[in-house]
Amino acid sequence: MKTILSFVVMIVLSFAKCGYAQTLPTGFSRVLISSGLSSPTAFAFTPDGSDIFVTQQGGKLRLIQNGVMVTDPVVTLTVNNTGERGLIGVAVHPDFATNHYVYLYHTVPAGVERTAAFNKIVRLTMNGATMAAGSLVTILELNDLSSQHTNHNGGAIAFGPDGKLYVAVGENATGANAQDLDNYLGKILRVNPDGSVPKGNPFTGNDAKSRIWAYGLRNPYSITFDRISGRLFVNDVGEGTWEEINDATTGGLNFGWPNKEGFCTTNCTNYTQPIHVYGHASNTDGQGCSIVGGTFFNPVSTTYPVSYRHQYFFNDYCGKWINDISVSNPDEQYSFGTDMGGGLTYLVTSLDGELYYLSRGDQSLYKISYSTSFAPPSISDQPDDATVSTGDPASFNVVAYGSGALTYQWYKNGEVITGANQLSYSISQAGSSDQGTYSVLVSSIYGSILSDVGMLIVNNATAVTDPIKNNVFNVFPNPSSGKVNIALNTNTNDFIEVSIRNGQGEELSKQQIPVAGAEVDLSSYPNGLYFLQVQGYGAIVIKQ
């Protein structure tokens, strides 16, 4: 069975002494952010992008502030770090600026809390550059681990656009665990930030089953969400033949391990195919042994050429390379960087639009920058909100600058508007279906930037018709000071999915609520305009 994190001292030292001649596309370069990281396993940015938390397998959580690693660890946890165990996952709460919460996934040694070793998720509160005294609390304890197998722990944790915490758990080198819905192993879990069971999970039953989001996974070492679409990709480390990228956006999917690896060809009825696989080979670009990092490249702004937007980048532990695929057409795999370091782990898109990754062999955190002597696009005037009456015209405009020819692509609610490629976007006669958020991607060969959103409100158009299901919903009272009710004309669904977005188009929450007595609580949100999506269609809600 393959392991991906086991290192002996001699190997680490030999990697650290080696130099690598990176091969990247013209204009790109590798930049060292921080060295001296002992067996790094994962990292996460604070929401404002200023700080980076890095986990070290031996139990130390390190903090990098403004490119400089703080001398003392944030905290040192007591861990079992044999094989692939240890401190192996980190996530930062979306409201970190207010609550200062950081979440960690680590292995508790046998005999410390339970007879057997086990993985658990804890939460700490930051106080400056260190942990606030007494703030460490347990969020979720997972199953006992085998005394024979120290590999396949997973370890990734990440917050989704619904505000829930997603946890990737390996099957502990026992394939049958992945198909057993009565344990956490070999699964993606979805929990509330306090570890409790949220609404909307696909299974009900015992503690494990009620928290499971997806199953049939071997060793999901990293997971990532798309900032724009909200899609969830899972990078599952394979065994003998294939490494997988799986789409787990929808709950309840079975990805087939141990009954299949890679694309399923026979008896596949109950299994969901990966969106992309690559094979095993040594010293070959695009082939490797363990997929350990992946990220959607959809930053707000970037100096990278626009051709890299909407790509999914991933790296391999053995291959020393970074490759990418198109999210919309993932069949073809493209080479991006080779000889990027030894023992690559994790890959993240930063707030400022650059790729960051760890090299265990180099004991370092790197970023990949793109430089040009020309100015990337910038936006001086953002799209304004608009309120019109039914049948009136509406338009959204930007003022943008930058070197070279600028191109434009307008979006509605984060989806491409086909043919909307001008400096402004106009609607001749606004109706209920036009309500929503509008933004534009401004691009040149020197970079790209996504505008703020402008919100369109159409008066006397609170009802929205689904042309396929012929469903109509109304939100009342509107305006509201707290709770709003949803009246939906349907006889086919017991539950409906409701998404709340703010005026910037950012999803604040997503939930499944019963059709009968459907109610959404806006009490915790500040006064303002909100976009409520029901069954994929929207209406404006005003909280006052």
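Sort through D385, D362 and tell me the only one that's touching a residue at least 40 places away in the same chain (Cβ under 8 Å), under 30 Å from C318 (Cβ atoms) and either surrounded by fewer than 19 Cβ atoms within 10 Å (Cβ to Cβ) or among the acidic types (D, E) (or both). Don't jump to the end; show me each part of the working.
Details: D385 fails: under 30 Å from C318 (Cβ atoms).
The conditions single out D362.
Filter the stretch 202-234 for residues that are assigned to a loop (DSSP other than H, G, I, E, B) and without any contact (Cβ under 8 Å) to a residue 40 or more places away in the chain; which is nearest to V416 (Cα to Cα)? Reasoning before the result, please.
The first filter runs over the stretch 202-234 and keeps only residues assigned to a loop (DSSP other than H, G, I, E, B), leaving 202-206, 216-219, 226-231.
This time we only want the ones that are without any contact (Cβ under 8 Å) to a residue 40 or more places away in the chain, so: 204-206.
On the way: T204: 36, G205: 40, N206: 42 Å.
The selected residue is T204.
Can you tell me which residue is farthest from N259 (Cα to Cα) among those in the stretch 200-219 that are surrounded by fewer than 22 Cβ atoms within 10 Å (Cβ to Cβ) and out of contact with any helix residue (DSSP H, G or I) (no Cβ under 7 Å at 6 or more places or on another chain)?
Here is the first cut: in the stretch 200-219, the ones surrounded by fewer than 22 Cβ atoms within 10 Å (Cβ to Cβ) are 200-210.
Then keep just the ones that are out of contact with any helix residue (DSSP H, G or I) (no Cβ under 7 Å at 6 or more places or on another chain); that gives 200, 202, 205-210.
Numbers: G200: 27, P202: 22, G205: 24, N206: 24, D207: 25, A208: 21, K209: 20, S210: 23 Å.
Per the stated criteria, the residue is G200.
When you go through S380, S373 one by one, which is the residue that is without any contact (Cβ under 8 Å) to a residue 60 or more places away in the chain, surrounded by fewer than 13 Cβ atoms within 10 Å (Cβ to Cβ), out of contact with any helix residue (DSSP H, G or I) (no Cβ under 8 Å at 6 or more places or on another chain) and part of a strand (DSSP E or B)?
On the way: S373 fails: part of a strand (DSSP E or B).
Selected residue: S380, the only one of S380, S373 that is without any contact (Cβ under 8 Å) to a residue 60 or more places away in the chain, surrounded by fewer than 13 Cβ atoms within 10 Å (Cβ to Cβ), out of contact with any helix residue (DSSP H, G or I) (no Cβ under 8 Å at 6 or more places or on another chain) and part of a strand (DSSP E or B).
Say we look at the stretch 107-117 and pick out the residues that are crowded, with 20+ Cβ neighbours inside 10 Å and touching a Ser or Thr at 6+ places or on another chain (Cβ under 8 Å); which of these is farthest from F159 (Cα to Cα)?
Step one: of the stretch 107-117, the residues crowded, with 20+ Cβ neighbours inside 10 Å are 107-108, 117.
Subset that is touching a Ser or Thr at 6+ places or on another chain (Cβ under 8 Å): 108, 117.
Details: V108: 23, A117: 26 Å.
Among those residues, the one meeting the criterion is A117.
Kindly establish whether T41 is loosely packed, with under 14 Cβ neighbours inside 10 Å and modelled with pLDDT of 95 or more.
Numbers: loosely packed, with under 14 Cβ neighbours inside 10 Å: no; modelled with pLDDT of 95 or more: yes.
So T41 fails the test.
Condition check ((1) assigned by TED's automatic domain parsing to the domain that holds F53; (2) over 23 Å from P376 (Cα atoms); (3) surrounded by 20 or more Cβ atoms within 10 Å (Cβ to Cβ); (4) of a type in the set (K, R)) across all residues:
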{"position": "I322", "(1), (2), (3), (4)": "yes, yes, yes, no"}
{"position": "N329", "(1), (2), (3), (4)": "yes, yes, no, no"}
{"position": "D352", "(1), (2), (3), (4)": "yes, no, no, no"}
{"position": "L355", "(1), (2), (3), (4)": "yes, no, yes, no"}
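Name the residue, out of I245, I228, that is surrounded by fewer than 24 Cβ atoms within 10 Å (Cβ to Cβ), of a type in the set (A, V, I, L, M) and modelled with pLDDT under 95.
Working: I245 fails: modelled with pLDDT under 95.
So the residue among I245, I228 that is surrounded by fewer than 24 Cβ atoms within 10 Å (Cβ to Cβ), of a type in the set (A, V, I, L, M) and modelled with pLDDT under 95 is I228.
Looking at the stretch 146-199, which of its residues are β-branched (V, I, T), free of Cβ contacts under 8 Å to residues at least 40 places away in the same chain and surrounded by 23 or more Cβ atoms within 10 Å (Cβ to Cβ)?
The answer is none; no residue qualifies.
Of the residues that sit in the stretch 485-536 and are exposed (fewer than 14 other Cβ atoms within 10 Å of the Cβ) and hydrophobic (A, V, I, L, M, F, W, C), which one is modelled with the highest pLDDT?
Checking each candidate, the answer is A487.
Each row is one residue, and each column tells you yes or no for (1) out of contact with any strand residue (DSSP E or B) (no Cβ under 9 Å at 6 or more places or on another chain); (2) modelled with pLDDT of 95 or more; (3) of a type in the set (K, R).
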site	(1), (2), (3)
Y278	no, yes, no
G293	no, yes, no
N298	no, no, no
T302	no, no, no
H310	no, no, no
I322	no, yes, no
S328	yes, no, no
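Whether any residue in the stretch 85-95 is at pLDDT below 95, more than 20 Å from D207 (Cα to Cα) and surrounded by fewer than 20 Cβ atoms within 10 Å (Cβ to Cβ) is what I want to check.
Yes - at least one qualifying residue is present in the stretch 85-95.
Could you grab me the full set of residues in the stretch 51-66 that are in contact (Cβ under 8 Å) with a residue 60 or more places away in the chain and among the polar types (S, T, N, Q)?
Hit for the stretch 51-66 is Q65, nothing else.
The values are calculated or read from the model by the stated rules, or taken from the named source; none is laboratory data. Since the structure is predicted, the reported quantities are computational estimates derived from the model, not experimental observations. Every residue, glycine among them, receives a Cβ derived from its backbone with ideal geometry; neighbour counts consider all protein chains shown.
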